[in-house]
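Novice: For reference, the structure I am asking about is given below.
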Amino acid sequence: MDRLSQILPGVLQTKGLKQHADAALVLLRARAWIAEYLPNIRTSVTPRSMQEDGTLLMECEDSAATQQCIDALPHLKVFLREECGFLPVRTIRLVRTRKHVK
């Protein structure tokens, strides 16, 4: 009997969803890494999208979070290359956003 992990990639590829599923997994792994290694800024940093050219786009709410991210980017990049080798992360780009006031 085939396992789901063996069947799913083929089905996703047939439906044209494999690239989207791979990108979602990269974002999930990036969020988990941030929560583990940068817990003090995990609410200020959000991985937003994985571009087709291999660029991971991340949003930072303040300059302190941006600075901490800049220092940690090489480590995150290595982690994602090891965890998500199927969709290589070539660069990580930080974008500064505004805090949403409720």
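Novice: Which of the residues belonging to segment 71-97 are in contact with a strand residue (DSSP E or B) (Cβ under 7 Å, 6 or more places away or on another chain) and among the β-branched types (Val, Ile, Thr)?
Specialist: Val89, Thr91, Ile92, Val95, Thr97
Novice: Please enumerate the residues belonging to segment 54-80 that are farther than 18 Å from Arg96 by Cα and modelled with pLDDT under 90.
Specialist: Gly54
Novice: Within segment 28-55, count every residue that is in contact (Cβ under 8 Å) with a residue 24 or more places away in the chain and farther than 13 Å from Cys69 by Cα.
Specialist: Qualifying residue count for the region: 8.
Novice: Going through Leu76, Leu80 one at a time, which residue ends up being touching a helix residue (DSSP H, G or I) at 6+ places or on another chain (Cβ under 7 Å), closer than 15 Å to Arg42 by Cα, without any contact (Cβ under 8 Å) to a residue 60 or more places away in the chain and of a type in the set (A, V, I, L, M, F, W, C)? Steps first, answer last, please.
Specialist: Values: Leu80 fails: closer than 15 Å to Arg42 by Cα.
Of the residues listed, the single one that is touching a helix residue (DSSP H, G or I) at 6+ places or on another chain (Cβ under 7 Å), closer than 15 Å to Arg42 by Cα, without any contact (Cβ under 8 Å) to a residue 60 or more places away in the chain and of a type in the set (A, V, I, L, M, F, W, C) is Leu76.
Novice: Looking at segment 56-70, which of its residues are out of contact with any strand residue (DSSP E or B) (no Cβ under 7 Å at 6 or more places or on another chain) and either of a type in the set (Ser, Thr, Tyr) or touching a residue at least 40 places away in the same chain (Cβ under 8 Å) (or both)?
Specialist: Ser63
Novice: Further question on the same structure: Of everything in segment 92-102, what is touching a helix residue (DSSP H, G or I) at 6+ places or on another chain (Cβ under 8 Å) and either surrounded by fewer than 13 Cβ atoms within 10 Å (Cβ to Cβ) or without any contact (Cβ under 8 Å) to a residue 12 or more places away in the chain (or both)? Give them in sequence order.
Specialist: As a first pass, look at segment 92-102 and keep what is touching a helix residue (DSSP H, G or I) at 6+ places or on another chain (Cβ under 8 Å): 92, 94, 96.
Hit for segment 92-102 is Arg96, nothing else.
The values are calculated or read from the model by the stated rules, or taken from the named source; none is laboratory data. All values derive from a computational prediction rather than experimental measurement. Cβ atoms come from the backbone with ideal geometry, glycine included; neighbour counts cover every protein chain shown.
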